[in-house]
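Some notes on the structure that comes next.
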Amino acid sequence: MSKEPPDYEVGYGKPPKEHQFPKGQSGNKKGRPKKKEEKEKAFSAAELALKIMREDVTVQINGEEVTMTKLEALIQQQLNKALKGDSGASREIRHLMKDLGISLPTQVVDDRPCGVLVVGETLTQEEWEKKFGGRKEPP
């Protein structure tokens, strides 16, 4: 072991020269491991979600047991909520349809396009007119 020059101070972050790595040699010969696992985890999480959504589930529809995928059951559930007047579910169905490129067919009555109106309650003609002010022609 050699003596250090008098101007070299040993301390925190400054080991004695005989304990330092020789020039050109790293202390970590194998190097830092690659971050392969994080990418695989992110990719496998998406695959896992798809795998789970494709699993079959048995549900009851009108008293009958029906087998469908979990994704189909989820969409069916959201659609049923939307038909019952749940505006959040209705919005989710519209976004899903838009993302999938699905549009509802419209009818043309008196040369005007007509859409679909989902009402959360059943009203008579008189109740409808009282609540919404009768039929008004669009501008």
Inset, instruction - Just one of (1) outside any helix (DSSP H, G or I); (2) at pLDDT 80 or above trips up Met97, so point out which. - result: (1)
Legend entry - Long-range neighbours under 9 Å by Cβ, at least six apart or interchain, first residue assigned to a loop (DSSP other than H, G, I, E, B) and surrounded by 10 or more Cβ atoms within 10 Å (Cβ to Cβ) within the range 1-18, second among the hydrophobic types (A, V, I, L, M, F, W, C) and at pLDDT 80 or above: Glu4/Val10; Pro16/Val10
Inset, instruction - Give Val57, Val10 a once-over and let me know the one that is of a type outside the set (Phe, Trp, Tyr) and modelled with pLDDT under 90. - result: Val10
Inset, instruction - Output the residue which, of all residues in the range 47-62 that are part of a helix (DSSP H, G or I) and among the hydrophobic types (A, V, I, L, M, F, W, C), is nearest to Gln76 (Cα to Cα). - result: Met53
Inset, instruction - Could you tell me whether Asn80 is loosely packed, with under 11 Cβ neighbours inside 10 Å and within 23 Å of Thr122 (Cα to Cα)? - result: no
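The values are calculated or read from the model by the stated rules, or taken from the named source; none is laboratory data. Computed from a predicted structure; not experimentally measured. Every residue, glycine as well, gets a Cβ built from its backbone with ideal geometry; the counts of neighbours run over all protein chains shown.
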